[in-house]
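Heads up, the thing below is written out as structure tokens.
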């Protein structure tokens with residue numbers, strides 16, 4: 001039963017959340033509406049939760065404003081909701097907040113803040129944040145280009161199956177971009193990206209990169225590269241089956 005005297009000072013939206021269904025149920029109903037394409041209904045479910053301080057709902061409300069679903073697109077409003085959730089250590093919100101800082105949407109562009117939030121999400125294991133952090137170091141976006149630091153972040157995501165990171169590692173080691181050329185290592189990462197099923201475009205780019213690379217490899221290098229690529233695939237299969 002709702003105890004109104006204990007809820008003095010809360011917003012009306014928060015009161016409604018507290019006195020009706022459990023927050024988890026309301027959030028799930030919002031997800032169901034979102035999946036069905038009823039974005040206005042999803043927002044009606046999530047907004048009260050977000051105002052009551054629910055980080056998942058805050059992140060989703062930010063996404064709705066960012067994408068213009070159920071509401072008019074408003075990057076500044078998206079920023080506010082992402083920031084609220086990010087301050088509660090919400091990994092996806094931290095990533096999306098970093099994108100807004102990087103691109104200057106809803107806030108003045110700030111590479112330093114973008115890096116800070118990308119890194120906070122990346123350290124929690126957010127694969128796309130790890131890739132974007134790798135990009136910043138690889139391309140020298142607001143920082144001195146550092147291929148080794150980029151490799152560190154790409155490698156974290158690539159090892160978990162992120163295809164863009166796998167492709168980037170293939171490119172870096174094939175070209176010797178800031179590091180010595182390692183054709184076998186490049187072949188392994190190109191192969192990993194070429195056989196994944198998440199992104200057809202990256203799969204095609206990785207296949208082409210591997211074909212180009214093979215033109216500069218001798219037979220022994222190809223045999224060793226195939227052996228290591230197979231070994232890597234088997235290791236990942238074993239990990240997935242545990």
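The values are calculated or read from the model by the stated rules, or taken from the named source; none is laboratory data. Everything numeric here is computed off the predicted structure, so don't read it as measured data. Please note: Cβ atoms are built from the backbone with ideal geometry, for glycine as well, and neighbour counts cover all protein chains shown.
Points worth noting:
- Hey, residue 76 farther than 30 Å from residue 140 by Cα and either touching a residue at least 60 places away in the same chain (Cβ under 8 Å) or in a helix (DSSP H, G or I) (or both) or not: no
Okay, residues lined up against (1) in contact with a helix residue (DSSP H, G or I) (Cβ under 8 Å, 6 or more places away or on another chain); (2) within 23 Å of residue 136 (Cα to Cα); (3) at pLDDT 95 or above; (4) assigned to a helix (DSSP H, G or I):
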| residue | (1), (2), (3), (4) |
| --- | --- |
| 164 | yes, yes, yes, yes |
| 170 | yes, yes, yes, yes |
| 174 | yes, yes, yes, yes |
| 181 | yes, yes, yes, no |
| 184 | yes, no, yes, yes |
| 220 | no, no, yes, yes |
| 224 | yes, no, yes, yes |
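- Any hit, region 7-15, residues being at pLDDT 55 or above, farther than 18 Å from residue 96 by Cα and part of a helix (DSSP H, G or I): no
- Any chance residue 60 is modelled with pLDDT under 95 and in a helix (DSSP H, G or I): no
- Residues satisfying the criterion are present in region 228-238 (criterion: surrounded by 17 or more Cβ atoms within 10 Å (Cβ to Cβ) and touching a helix residue (DSSP H, G or I) at 6+ places or on another chain (Cβ under 7 Å)).
- Hey, residue 183 surrounded by 18 or more Cβ atoms within 10 Å (Cβ to Cβ), farther than 24 Å from residue 239 by Cβ and either in contact (Cβ under 8 Å) with a residue 12 or more places away in the chain or out of contact with any strand residue (DSSP E or B) (no Cβ under 9 Å at 6 or more places or on another chain) (or both) or not: yes
- Candidates 211, 217 - the one that is more than 26 Å from the chain's Cα centre (by Cα), farther than 27 Å from residue 128 by Cβ and loosely packed, with under 14 Cβ neighbours inside 10 Å: 211
- Across region 104-125, the number of residues qualifying as farther than 19 Å from residue 80 by Cβ, in contact with a helix residue (DSSP H, G or I) (Cβ under 6 Å, 6 or more places away or on another chain) and outside any helix (DSSP H, G or I) comes to 1.
- Any hit, region 167-178, residues being surrounded by fewer than 24 Cβ atoms within 10 Å (Cβ to Cβ), out of contact with any strand residue (DSSP E or B) (no Cβ under 9 Å at 6 or more places or on another chain) and closer than 30 Å to residue 80 by Cβ: no
- One residue alone among 20, 36 is at pLDDT below 95 and out of contact with any helix residue (DSSP H, G or I) (no Cβ under 7 Å at 6 or more places or on another chain), and that residue is 20.
- Qualifying positions in region 126-143 - touching a helix residue (DSSP H, G or I) at 6+ places or on another chain (Cβ under 7 Å), without any contact (Cβ under 8 Å) to a residue 24 or more places away in the chain and surrounded by fewer than 24 Cβ atoms within 10 Å (Cβ to Cβ): 137
- Screening residue 116 on (1) under 18 Å from the mean Cα position of the chain (by Cα); (2) surrounded by 23 or more Cβ atoms within 10 Å (Cβ to Cβ); (3) free of Cβ contacts under 8 Å to residues at least 40 places away in the same chain shows it passes everything except condition (2).
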